[in-house]
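The values are calculated or read from the model by the stated rules, or taken from the named source; none is laboratory data. Note that this is a predicted model, so its numbers are computed, not measured. Cβ: placed from backbone, ideal geometry, glycine included. Neighbour counts: every protein chain shown.
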Amino acid sequence: MKNRSLSFWLFLTPTLVALALVVFIPAIMGVFYSFTNWDGLGYTEMLGFKNYITLFHNSGFIAALWFTIKFVIVTVILLNVIGLALALLVTQKFKGNNLLRTVFFMPNLIGGLILGFIWQFIFTQAFDALGKAFHMAWLTGWLTDAKTGFWGLVIVTVWQMSGYIMIIYIAYLQNIPSEVIEAAEMDGASPWQRFVHITFPMIAPAFTVCMFLTLSNGFKIYDQNLSLTNGGPYKSTEMLAMNIVNTAYSENNFALAEAKALIFFLIVAAISLLQVYYNRKREVDL
Amino acid sequence: MKKTSRFFLGILGLLLGIIWLFPFYMILTNSFKTPKGIFASVLSLPGNGQATTTNYNNSFKALDFISSLGHSLLITVVSVLILVLFSSMAAYALQRNKSKLSGALLMLFVSAMLIPFQTVMIPLTANFGQAHMLNMWGLMFMYLGFDASLSIFLYQGTMGSIPIAMDESAELEGANRFQIFFKIVFPMLTPITVTVGILNIIAIWNDYLLPSLVLPQNQYTIPLQMFFFFGQYTKQWHLALAGLTLSIIPVIIFYIFAQRYIIKGVTDGAVK
């Protein structure tokens, strides 16, 4: 197909138009508006960096950022450890391993909004009942403070996404040639030695993929946050995405929200570019 | 492996499976209880005169279930068809034209994936509002803009495995570009089409934030209706649980019938 041929452009036009109208034009407008006092309809003055200064001083953004960073650190570790453990478990030969795979993956298909509501019931009603039945006080009063709100979000995310991470690890585990494992077994390597010296190095690429997936997903979480805690109590469990949405649609401070969204973009883009860099480096090393 | 260790793995798997399914078990059993029944005992099975199915009748009506299911289906199916059609066409043009321009356009699509939704949502909804496009048709167009990048990327990766000689021989027989693409190339892309379809179905079916900013109330999808419903019936868990159960039934049915393709699609989407 030639550049100048009509069909080349006919094939590309629908997606290019959509991409421009839905992503690029709004993004460019957003950059501009973040330097103004835009109210969603128009603006009357240029503010320079005023929105960005407000954002760092007095807007809940920094609190949301710290909360999100803590959340991301904990979930990245838990998701990778649990996801890999589940993958190792279901790739063993025992009755029901395929059914288990199905079960672990299932929560991943249900939307975050619905899952958050389901777990709201589990945390506030079922945990409470279990706590009273077994006299475990720590099971009562969930989601009423920042600490249980945080762990509630962690549990929902881990429950939802471990199956997804498991599937990726399985894909890489199945690529390990069985001869390698068998040879090690013949040489008398223990299961633990086989894991540390053979399995683990061979699934290192999966680790990079899963690390970055869990990292960027963690920063972008919104639905679960909305339906589980709605940021409460007193905004103590508000994550970055929710802080931006609320600044825009609850406080009607559109220009400030746009400034926050651009900082958010820089964080998420930096993570993705780091991933591309690592992948390239890894390919070179191989 | 030794028999005993297999046995213990089975037990461990069973325990983990039970933990994983516990939330589903809780909402299912409690959705068949009266409010008194839930209050009396969350953990027991429905019984003791506290078992009921009326929660389902009531929440079915309150959720306007048939209509929200219809909106979810219509929006998901049409959006995914549009995405599959236009992104495979775009990927074909980019892959068969080996020029700097194609490379630059592909980079443009890929770089769009770096931009998070919150960064564009405010100007986007403001613009579409002015154009009177804040409805399901506008939403379908938005999904094309947001999700074309990943779809094109996936299509473009496999397009290379279809020999260009097939295009050329068809061209000699007098076929035009559209005939070559739709009659010869597109059918050969079926495996990746399934992957692209599955990934987009899951994302669009479950999406909440974008439709909540775009759709008018008479076009609400299941997640939107669920959120609205939760706001109206706070603390009425008997109705909420029946509603939640109803809302996940379509997903479970989809999973049962398309499990193999879903797992393959999700793996491809993450690994490629």
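Observations on the structure shown:
- Residues (surrounded by fewer than 19 Cβ atoms within 10 Å (Cβ to Cβ) and touching a residue at least 40 places away in the same chain (Cβ under 8 Å)) located in the stretch B:220-250: B:Gln232, B:Tyr233, B:Gln236, B:Pro250
- Residue within the stretch A:112-130 that is on the phi < 0 side of the Ramachandran plot and outside any helix (DSSP H, G or I) present: no
- For the stretch B:15-51, the set of residues classified as polar (S, T, N, Q) and touching a residue at least 40 places away in the same chain (Cβ under 8 Å) consists of B:Asn30, B:Ser31, B:Thr34, listed by residue number.
- Here B:Ile38 fulfils each of the conditions (1) facing chain A (nearest Cβ under 10 Å); (2) out of contact with any Leu (no Cβ under 7 Å at 6 or more places or on another chain); (3) closer than 30 Å to A:Ile82 by Cα; (4) surrounded by 16 or more Cβ atoms within 10 Å (Cβ to Cβ) apart from (3).
- Answer from A:Phe117, A:Phe104, A:Phe94 - the residue that is of a type in the set (Phe, Trp, Tyr), closer than 16 Å to B:Ile19 by Cα and either in contact with a helix residue (DSSP H, G or I) (Cβ under 6 Å, 6 or more places away or on another chain) or within 7 Å of chain B (Cβ to nearest Cβ) (or both): A:Phe104
- Note on the stretch B:126-177: among residues that are part of a loop (DSSP other than H, G, I, E, B) and small (Gly, Ala, Ser), the one that is modelled with the highest pLDDT is B:Ala131.
- Tally, over the stretch B:117-144, of residues that are aliphatic (A, V, I, L, M), facing another protein chain (nearest Cβ under 7 Å) and over 17 Å from A:Ala20 (Cβ atoms): 1
- Residue pairs whose Cβ atoms lie under 6 Å apart, sitting 6 or more positions apart in sequence or on different chains, and linking a residue in the stretch A:257-278 that is more than 8 Å from chain B (Cβ to nearest Cβ) and in contact (Cβ under 8 Å) with a residue 60 or more places away in the chain to a partner that is of a type in the set (S, T, N, Q) and assigned to a helix (DSSP H, G or I), are A:Ala259/A:Asn51; A:Tyr278/A:Thr208.
- Residues satisfying the stated conditions in the stretch B:221-272, i.e. hydrophobic (A, V, I, L, M, F, W, C) and farther than 25 Å from B:Phe65 by Cα: B:Ile262, B:Ile263, B:Val266, B:Ala270, B:Val271
- Of all residues in the stretch A:129-145, those that are among the hydrophobic types (A, V, I, L, M, F, W, C) and surrounded by fewer than 16 Cβ atoms within 10 Å (Cβ to Cβ) total 6.
- Selection status of B:Thr52, more than 11 Å from every other protein chain (Cβ to nearest Cβ) and either among the β-branched types (Val, Ile, Thr) or within 24 Å of the chain's Cα centre (by Cα) (or both): yes
- Meets criteria (without any contact (Cβ under 8 Å) to a residue 60 or more places away in the chain and either within 14 Å of chain B (Cβ to nearest Cβ) or closer than 30 Å to A:Ala146 by Cβ (or both)) for A:Ala63: no
- Each residue in the stretch B:66-111 was checked for being more than 25 Å from the chain's Cα centre (by Cα) and free of Cβ contacts under 8 Å to residues at least 24 places away in the same chain, and 11 pass.
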